[in-house]
Amino acid sequence: MNVLELIKNDHSMVDKMFQEIEESIKNNDEEEALAIFQDLKNSLLLHARSEAAAVYDRLLSHEKVKSFAFEGEEEHGLIEELLAKLDETKAVDDSWQGAFTVLKEIVDHHVEEEENELFPKMKKLFSKTQLENMAEEMVLQKEYLSTDEDFSKEEISPMTHKNSGNQTRMRV
Ligand SMILES: [Fe+2]
Ligand SMILES: [Fe+2]
């Protein structure tokens, strides 16, 4: 599997969770909505951070996609802020639903840009082997982050991932 397929799979999984939460809200099942939100939060954080480390950091050395990496990381930052805000509220009230709607809008926009604008550029920029190596690195990053119980509580500012330069990283 290459990194583009891996990222797409994650995007579909996250989209499904958004739909399930919306469904739970419609059914007035607040408990279920909040339970699925916890899964969504962890999946989104793992995805964004491993994607940033395995892919975005690498885009910085390529003039044609450098600006995309900065814009994408800003969006990752906004997504993390909204996730933290939603996590603080333990009730699905009007304010929670407002923040949830904005989160979904940002994620949808971000996913569309990655899949429709960045992916075609990456296909031109990187070889088949490089894209496969990035997938391997993204999986390793996820495993590494998953072992850190506090990972979702730590704030990470754009472009300063705590495990940048970690030994699990590979050159492509
Ligand atoms: Fe993504
Ligand atoms: Fe992303």
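Summary table below
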read-out	value
Exposure proxy ranking, count of Cβ atoms within 10 Å, fewest first, for Phe68, Phe100, Phe119	Phe119, Phe68, Phe100
Kirkwood hydrodynamic radius (C-alpha pairs) into Stokes-Einstein, the chain, 20 °C and 1.002 mPa s, D in µm²/s	129
Lysines whose Cα lies under 25 Å from that of Lys128, excluding same-chain neighbours fewer than 8 positions away	Lys8, Lys64, Lys66, Lys142
As computed over segment 4-51, the Cα convex hull volume per residue (Å³)	46
Expected 222 nm ellipticity per residue - DSSP helices of 4 or more, -39500 (n - 2.57), all of the chain, to 500	-23500 deg cm²/dmol
Where trypsin sites (Lys or Arg not before Pro) in DSSP loops with at most 14 other Cβ within 10 Å are excluded, longest remaining stretch of the chain	1-89
Burial ordering of His11, His62, fewest other beta-carbon atoms within 10 Å first	His62, His11
Contact order normalised by residue count of the chain, Cα under 8 Å, 6+ apart, percent	35
Residues Tyr56, Tyr144 arranged by fewest to most Cβ contacts within 10 Å	Tyr144, Tyr56
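Rule-based calculations on the coordinates, nothing more; no lab input. What you are looking at is a predicted structure, and each value in this text was computed from that prediction instead of being measured. Glycine also receives a Cβ, built like all others from the backbone with ideal geometry; neighbour counts cover every protein chain displayed.
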